[in-house]
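Below is one structure, written out as structure tokens; comments come after it.
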Amino acid sequence: MTFSEILDRVGSMGPFQFLHVAILGLPVLNMANHNLLQIFTATTPAHHCRPPPNASAGPWVLPMGPNGKPERCLRFVRPPNASLPNDTQRATEPCLDGWVYNSTRDTIVTEWDLVCNSNKMKEMAQSVFMAGILIGGLVLGDLSDRFGRRPILTSSYLLLAASSSGAAFSPTLPVYMVFRFLCGFGISGITLSTIILIVEWLPTRMRALMTTAVGYCYTIGQFLLPGLAYAIPQWRWLQLTVSIPFFIFFLSSWWTPESIRWLVLSGKSSKALKILRRVAAFNGKKEEGQRLSLEELKLNLQKEISSAKAKYTAADLFRIPVLRRMTFCLSLAWFATGFAYYSLAMGVEEFGVNIYLLQIIFGGVDVPAKFITILSLSYMGRHTTEAAALLLAGGAILTLTFVPSDMQTLKTALAVFGKGCLSSSFSCLFLYTSELYPTVIRQTGMGASNMWTRVGSMLAPLVKITGEVQPIIPNVIYGTIALLGGSAALFLPETLNRPLPETIKDLEKWSLWAKKPKQEPEAEKASQVIPLQPYGPGLGSS
């Protein structure tokens, strides 16, 4: 008897599972608010230099830029002199007395003057947040294996609630960055634990449907954020509003049970048995739960216990040839997806369209994108879906460099299309990666691969700074990397209707067999059911 069969005895899809997924999925609804929050809390309004204090008498004329608009970062050294008819080529100087902002919104840009020479600090703040997600994934993944999934989930809820609330009261930009780093750190713990706890408590046949539902929670969150931002123009109050719910999630997480597999493998079988009996009672199968014994639980999970004794490290991903090639291609695909995704998601104000409307459109494209991805994964395969998603996204981003700035509708359409393709890539990669790595090193492989999307999302805001040298450079870099990621995916084997490898030897045998002409008996195909796990960027990105 396997764990899935034990789960069937206590109720594999009863009221407990629906409540369990709802409690874990509800916070995902609010994850987009934090991943994309800086779109609204760090918008840069139109601005110009503040005149010097002694310029109150008479109008102060600003120098004009090449585009015919007033300069944003320069002012004349002295006011115009009517007695000098040729007083047109006057000396200029930086904005020594600050700036005047033409906006009713209050953002970190207007509060700390993150414009002109300080505009790089705005992108740096977003990169610091992404760095928190990266470091959190590396640290909390190991702690999750040591202390359990639920303690990490609960503490991450509290960390995100406290640090995000602290960011709302930050007196200076450095303090704000520290709190945003901690926000990203907490988001990693929530993402990691949510994925594991949902998958391990669901039967194989329901994982596709329920994980897709959780992925759509993130999509719905993208619709809520523009409404909140429109209603709350002060960035501190907006920051605080999206933080308070996580104090509630911290309290509700105490109901979430620990992973049974982790409890058994950690020598806490008696506690695992108590949880299984409580689940059975909740699902109306109390008698079945009482029939379970400690000896039966240990005996039936003996295979999992034996597999856990074989220890593999991240070094094995590069030491073993079959894993090395796979890891390189997957890492490039993950990096390209996170790199290009956040270049579009965080750059909505660059398209000259109302940022509230555009963010709703960006969220809306995920609805058909995820549905098309599920169909493509099921009928065309993982290999084709992943390569096509990244190649199409790269092509769309590169095309943006050739579209004139006055064709805003076309630029917006290309950006929305590219973002939809990258959402599809995220959904595919979670499934594809879990199917390619063998069970004995699957968690390590997933963690190492997913780390690269965090690196990509951290570097994406910094690449925007190169636009000061030449405006087309950022999109050329984003698009080229996406094309490279799609090309790397072409070298990965197909996993559609293939059995999941359990050991390294299984993977080596499977790789050799996969190179041969496909002559798989129909009966064997019917017996090989591979669960779809199309997580969205909220569970993999945010």
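Mind listing whichever residues of region 265-288 are in a helix (DSSP H, G or I), in contact (Cβ under 8 Å) with a residue 12 or more places away in the chain and more than 27 Å from Asp145 (Cα to Cα)?
Phe282, Glu288
May I ask you to list the residues in region 444-487 that are outside any helix (DSSP H, G or I) and touching a Ser or Thr at 6+ places or on another chain (Cβ under 7 Å)?
Correct list: Ile472 only.
Would you check which residues across region 173-205 are among the basic types (Lys, Arg) and over 16 Å from the mean Cα position of the chain (by Cα) and list them?
Arg205
Taking Ser170 as the residue in question, decide whether it is free of Cβ contacts under 8 Å to residues at least 40 places away in the same chain and either open to solvent by less than 40 Å² (accessible area, probe 1.4 Å) or assigned to a helix (DSSP H, G or I) (or both).
yes
What number of residues in region 241-264 are under 17 Å from Gln17 (Cβ atoms), of a type outside the set (A, V, I, L, M, F, W, C) and part of a helix (DSSP H, G or I)?
3
Can you give me the number of residues within region 105-158 that are open to solvent by less than 40 Å² (accessible area, probe 1.4 Å), in a helix (DSSP H, G or I) and hydroxyl-bearing (Ser, Thr, Tyr)?
6
Has region 32-40 got any residue that is assigned to a helix (DSSP H, G or I), closer than 25 Å to Pro70 by Cα and modelled with pLDDT of 85 or more?
Yes, region 32-40 contains at least one residue that is assigned to a helix (DSSP H, G or I), closer than 25 Å to Pro70 by Cα and modelled with pLDDT of 85 or more.
Of the conditions (1) surrounded by 15 or more Cβ atoms within 10 Å (Cβ to Cβ); (2) at pLDDT 80 or above, Ser266 clears all except one; give me its number.
Here Ser266 meets the rest and fails (2).
Do we find that Lys505 is under 26 Å from Leu37 (Cβ atoms) and charged (D, E, K, R) in this structure?
No: the conditions fail for Lys505.
Does region 179-193 include one or more residues that are of a type in the set (A, V, I, L, M, F, W, C), buried (at least 21 other Cβ atoms within 10 Å of the Cβ) and without any contact (Cβ under 8 Å) to a residue 40 or more places away in the chain?
Yes.
Can you pull out every residue in region 302-325 that is at pLDDT 75 or above and either open to solvent by 10 Å² or more (accessible area, probe 1.4 Å) or in a loop (DSSP other than H, G, I, E, B) (or both)?
If the condition is that a residue be at pLDDT 75 or above and either open to solvent by 10 Å² or more (accessible area, probe 1.4 Å) or in a loop (DSSP other than H, G, I, E, B) (or both), then Ala315, Asp316, Phe318, Arg319, Ile320, Pro321, Val322, Arg324, Arg325 are the ones that fit.
Every residue, every condition in (1) modelled with pLDDT of 90 or more; (2) out of contact with any His (no Cβ under 6 Å at 6 or more places or on another chain); (3) among the basic types (Lys, Arg); (4) open to solvent by 30 Å² or more (accessible area, probe 1.4 Å), yes or no:
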{"residue": "Leu483", "(1), (2), (3), (4)": "yes, yes, no, yes"}
{"residue": "Ser487", "(1), (2), (3), (4)": "yes, yes, no, yes"}
{"residue": "Pro499", "(1), (2), (3), (4)": "no, yes, no, yes"}
{"residue": "Glu502", "(1), (2), (3), (4)": "no, yes, no, yes"}
{"residue": "Trp510", "(1), (2), (3), (4)": "no, yes, no, no"}
{"residue": "Lys515", "(1), (2), (3), (4)": "no, yes, yes, yes"}
{"residue": "Glu520", "(1), (2), (3), (4)": "no, yes, no, no"}
{"residue": "Ala523", "(1), (2), (3), (4)": "no, yes, no, yes"}
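Can you find, within region 224-244, the residue that is most open to solvent (accessible area, probe 1.4 Å) among those that are within 29 Å of Arg149 (Cβ to Cβ) and modelled with pLDDT under 90?
Here the residue is Leu224.
Given the residues Glu258, Glu296, which is the only one that is of a type in the set (Asp, Glu), surrounded by 13 or more Cβ atoms within 10 Å (Cβ to Cβ), within 20 Å of Pro203 (Cβ to Cβ) and at pLDDT below 80?
Step by step, each of Glu258, Glu296 is checked, and only Glu296 is of a type in the set (Asp, Glu), surrounded by 13 or more Cβ atoms within 10 Å (Cβ to Cβ), within 20 Å of Pro203 (Cβ to Cβ) and at pLDDT below 80.
If you take the residues of region 449-477 that are closer than 18 Å to Asn35 by Cβ and hydroxyl-bearing (Ser, Thr, Tyr), which of them is surrounded by the fewest Cβ atoms within 10 Å (Cβ to Cβ)?
Thr453
Looking at Phe247 and the list (1) crowded, with 22+ Cβ neighbours inside 10 Å; (2) within 17 Å of Leu26 (Cα to Cα), which single condition is not satisfied?
Checking Phe247 against (1) crowded, with 22+ Cβ neighbours inside 10 Å; (2) within 17 Å of Leu26 (Cα to Cα), the one that fails is (1).
State whether the residues of region 217-224 include one that is under 28 Å from His20 (Cα atoms), touching a Lys or Arg at 6+ places or on another chain (Cβ under 8 Å) and not small (Gly, Ala, Ser).
Yes, that holds for at least one residue.
The values are calculated or read from the model by the stated rules, or taken from the named source; none is laboratory data. In this text the structure is predicted, and so the values were computed from the model without any measurement. Reconstructed Cβ throughout: ideal geometry from the backbone, glycine too, with neighbour counts over all protein chains shown. Accessible surface is based on the protein model in full, side chains and every heavy atom, while ligands, DNA and RNA are left aside. Shrake-Rupley method; radii C 1.70, N 1.55, O 1.52, S 1.80 Å.
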